[in-house]
Amino acid sequence: MNLRLLQRRARLSWGLAGLLVTACGPADEAARPAETVPGSTLPANFPPPVYVLDQNPPDRAAFELGRQLFYDPRLSRDGSVSCGSCHQQFAAFAHADHPVSHGVASRLGTRNAPALQNLRWSRSLLWDGGVANLEVFPLAPLTNPVEMDETLDRVLAKLNADAAYPRRFAQVYGAGPITSQQLLRALAQFTASLTSANSRYDRHARGEASGPWSTAEQRGLTVFRASCAGCHATDLFTDESFRNNGLDATFAADSGRAHITGAARDRGKFKVPSLRNVARTAPYMHDGRFTTLPQVLAHYDHGVVASPTLDPLLRQPDGRRGLPLTAPQQADLLAFLQTLTDESFLSNPQLAAPR
Amino acid sequence: MKLLSTALLLSGLAVASCSFSSCQDKNNTDDPTPEVGEMDLEFDHVVGSQALVLDAATYTNAAGNPFTVSLFNYYVSNIKLTKADGTEWAEPESYHLVKENEAATQKVTLKQIPAGTYTKLTFTIGVDSARNVAGAQTGALDPSHGMFWTWNTGYIFTKLEGRSAQASGNGGLTFHVGGFRAPNNTIRTVSPALPNGTPLYIRADHAPEVHLKVNVLGMFNGPTAASNIDFRTLSNTMGGAQSVKVANNYAAGMFRIDHVHTN
């Protein structure tokens with residue numbers, strides 16, 4: 001607890017301050033009044049969610065179980081990799097410094113692990129949108145040979161044979177062996193809780209106290225709305241569509257959305273990623289090819305490559321490609337993108353590995 | 001509260017007045033426990049005129065390719081019965097996974113069917129689109145049955161694996177048919193004809209047993225020669241346009257009602 005805040009509250013009421021001091025002793029977490037499960041309130045500046053609260057109502061015991069599972073490497077074949085290995089909280093649950101994922105036995109994947117945030121609002125998951133529901137999502141990494149390389153049956157057998165899990169599942173879902181549905185719904189309690197809506201930008205957008213909002217940030221917001229918000233739309237900073245933003249001319253390595261639809265018009269299109277916490281989620285793009293945000297802006301300014309599916313928003317009326325951005329505009333954009341960092345999300349102890 | 005007790009009183013009076021008069025007979029649709037019955041569907045797997053035996057017998061498709069089968073699974077869902085007047089009964093939560101290597105799955109008992117005379121049996125080969133994208137499921141739809149694609153959400157509706165010396169590559173046959181989105185939607189709904197048009201009589205003491213012959217060749221032999229599948233050019237499909245070909249074939253004639261025990 002921050003001292004200045006304490007003093008301010010103390011001026012308000014000595015009695016209350018006294019209570020706070022005791023509550024913030026070493027037994028901090030245990031003594032805290034029953035906190036709501038993270039993500040159980042829907043931010044006012046967000047559109048309606050896709051995975052609605054009623055589908056799997058946030059519940060403390062179920063959330064804690066999901067959190068335990070998310071960080072448990074026993075879910076992988078050789079016990080070496082957990083969901084949390086590739087999705088790190090300080091990087092908004094992206095994989096810091098890893099262009100493509102590293103799974104069991106250091107096997108390399110082909111794509112960059114994206115940030116996990118505001119998944120409750122996602123219509124589809126993966127860079128190519130191949131997974132349609134957050135609840136069944138974990139089946140993909142669990143069974144992927146280059147990720148966790150495990151089978152559902154073996155995961156369930158391990159959980160059922162564990163000393164603690166059967167009791168914890170029974171507490172939430174009733175007696176009986178742990179089922180795949182229980183495992184998936186518990187994991188979804190955690191993944192759906194990852195709401196990031198408390199950046200300085202959010203507070204500014206909701207008209208709450210947001211600290212100083214600089215003119216550079218304001219100019220950056222204006223450039224962003226003009227150049228970027230056509231795709232990185234709404235306060236989720238994605239319209240969830242699949243687009244080709246001009247990274248490559250051919251797509252032999254990864255055809256993106258076409259991998260799912262089989263349609264030529266979808267070749268080279270990838271899901272528009274959210275830009276929340278983007279200052280912390282490097283490296284960037286589906287294959288992690290850029291390591292810094294200035295590189296990304298340079299790409300949009302002069303690196304956009306032509307191909308049949310290149311997005312029309314990246315073709316200028318004069319025939320040039322990309323989004324022309326002057327050096328000052330790039331500096332302003334960088335300042336603005338920093339305001340999307342949500343420290344309270346990146347450091348929320350409730351989302352960290354359980355001790 | 002007061003309203004409720006008045007209503008109870010009135011309905012009590014109505015029942016009482018009924019028992020004094022003869023309206024019981026006219027109003028038997030109000031009967032609190034209408035007569036219901038059961039029906040069995042039995043799926044008998046064959047390859048042409050031969051029985052299906054996994055990994056042993058060698059069969060030949062219309063394109064002349066010899067082959068063996070090591071696995072044969074499929075979903076039957078959304079089972080419906082229709083009366084001559086169009087009244088329909090749909091089995092609730094109607095999802096069944098039939099597996100050649102698990103005899104118990106080859107018999108499906110439909111329960112709580114309103115007694116009546118039904119002239120049509122309808123079911124889906126596969127799983128409706130809503131359940132393909134729903135959250136984690138249980139029972140026949142539990143993903144642990146290995147009938148769910150994890151990287152491209154959706155159920156595998158029909159799964160046949162086997163070998164053929166004429167198959168390209170390593171000789172393996174992998175026919176995983178599924179996909180529920182246009183243009184590669186493989187959901188197929190069929191109403192195989194009742195033998196001789198004889199309807200299904202369902203009564204409390206009358207439970208028909210419907211024996212279906214499920215002919216594996218129906219996947220590969222199409223209604224026309226052009227739709228036949230030749231393993232030299234197609235031996236592996238996991239959704240997409242090729243799967244649509246297989247689905248069109250099996251919708252045309254894989255399921256046939258062989259006979260019905262009227263019991």
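Some notes on this structure:
- Filter result for A:VAL131 (touching a Ser or Thr at 6+ places or on another chain (Cβ under 9 Å) and among the β-branched types (Val, Ile, Thr)): yes
- Within the stretch B:234-259, the set of residues being surrounded by 22 or more Cβ atoms within 10 Å (Cβ to Cβ), of a type outside the set (Val, Ile, Thr), away from chain A (no Cβ under 14 Å) and in a helix (DSSP H, G or I) comprises B:ALA247, B:ASN249, B:TYR250.
- Test: residue in the stretch B:221-229 that is of a type in the set (Ser, Thr, Tyr) and assigned to a loop (DSSP other than H, G, I, E, B): yes
- Within this structure, A:GLU135 fails the test of being more than 9 Å from chain B (Cβ to nearest Cβ) and either over 24 Å from A:ARG276 (Cα atoms) or among the charged types (D, E, K, R) (or both).
- Some residue of the stretch B:186-208 being aromatic (Phe, Trp, Tyr) and within 26 Å of B:ALA51 (Cα to Cα): no
- In the set (1) in a helix (DSSP H, G or I); (2) at pLDDT 95 or above, the condition left unmet by A:ILE178 is number (1).
- Here A:ARG185 does not qualify as outside the structural domain of A:SER80 (by TED's automatic domain parsing) and in contact with a Gly (Cβ under 9 Å, 6 or more places away or on another chain).
- Count - residues of the stretch B:140-158 that are out of contact with any Phe, Trp or Tyr (no Cβ under 7 Å at 6 or more places or on another chain), open to solvent by 10 Å² or more (accessible area, probe 1.4 Å) and within 14 Å of B:VAL177 (Cα to Cα): 3
- Residue count for the stretch B:127-174, restricted to those that are away from chain A (no Cβ under 14 Å), in contact with a helix residue (DSSP H, G or I) (Cβ under 9 Å, 6 or more places away or on another chain) and of a type outside the set (S, T, N, Q): 2
- Conditions (1) within 14 Å of chain A (Cβ to nearest Cβ); (2) open to solvent by 20 Å² or more (accessible area, probe 1.4 Å); (3) modelled with pLDDT of 95 or more: number failed by B:ASN78: (1)
- Evaluated against (1) more than 14 Å from chain B (Cβ to nearest Cβ); (2) within 30 Å of A:ARG203 (Cβ to Cβ), A:LEU119 falls short on exactly one condition, (1).
- The residues of the stretch A:145-176 that are surrounded by fewer than 17 Cβ atoms within 10 Å (Cβ to Cβ) and within 12 Å of chain B (Cβ to nearest Cβ), listed by number, are A:PRO145, A:THR151, A:ASP153, A:ARG154, A:ALA157, A:GLY176.
- Checked against the criterion of being surrounded by 17 or more Cβ atoms within 10 Å (Cβ to Cβ) and farther than 23 Å from A:LEU340 by Cβ, the stretch A:38-54 contains not a single residue that satisfies it.
- Test: residue in the stretch B:46-53 that is open to solvent by 50 Å² or more (accessible area, probe 1.4 Å) and either part of a loop (DSSP other than H, G, I, E, B) or among the aromatic types (Phe, Trp, Tyr) (or both): yes
- The stretch B:176-196, residues that are within 14 Å of another protein chain (Cβ to nearest Cβ) and either in a loop (DSSP other than H, G, I, E, B) or within 30 Å of B:HIS261 (Cβ to Cβ) (or both): B:GLY179, B:PHE180, B:ARG181, B:ALA182, B:PRO183, B:ASN184, B:ASN185, B:THR186
- The set of residues in the stretch B:40-94 being under 19 Å from B:HIS259 (Cβ atoms) and among the small types (Gly, Ala, Ser) consists of B:GLY48, B:SER49, B:ALA51.
- Listed by position, the strands (runs of 3 or more DSSP E) inside the stretch B:87-175 whose residues that are over 26 Å from A:ASP153 (Cα atoms) and free of Cβ contacts under 8 Å to residues at least 24 places away in the same chain number at least 1 are B:88-90.
- Helices (runs of 4 or more DSSP H) fully within the stretch A:62-172 counting 1 or more residues that are more than 30 Å from A:ASN244 (Cα to Cα), out of contact with any Pro (no Cβ under 6 Å at 6 or more places or on another chain) and not assigned by TED's automatic domain parsing to the domain that holds A:ASN277: A:152-161
- Of the numbered criteria (1) open to solvent by less than 10 Å² (accessible area, probe 1.4 Å); (2) under 22 Å from B:ASP142 (Cα atoms), the one A:ALA94 fails is (2).
- For the stretch A:224-259, filtered to residues that are open to solvent by less than 30 Å² (accessible area, probe 1.4 Å) and assigned to a helix (DSSP H, G or I), the residue that is modelled with the highest pLDDT is A:PHE224.
- Count of the stretch A:130-144 residues which are among the small types (Gly, Ala, Ser) and open to solvent by less than 10 Å² (accessible area, probe 1.4 Å): 1
- Of the residues making up the stretch A:177-208, those that are hydroxyl-bearing (Ser, Thr, Tyr), within 14 Å of another protein chain (Cβ to nearest Cβ) and surrounded by 21 or more Cβ atoms within 10 Å (Cβ to Cβ) are A:SER180, A:THR191.
- Scanning the stretch A:304-343 for residues that are of a type in the set (Gly, Ala, Ser), surrounded by 12 or more Cβ atoms within 10 Å (Cβ to Cβ) and not in a helix (DSSP H, G or I) turns up A:SER307, A:GLY322.
The values are calculated or read from the model by the stated rules, or taken from the named source; none is laboratory data. Since the model is a prediction, treat every value here as computed from it, not as a measurement. Positions of Cβ are generated from backbone atoms using ideal geometry, with glycine treated the same way; all protein chains shown enter the neighbour counts. The accessibility values were calculated without ligands, DNA or RNA, using every heavy atom of the protein model including side chains. Shrake-Rupley method; radii C 1.70, N 1.55, O 1.52, S 1.80 Å.
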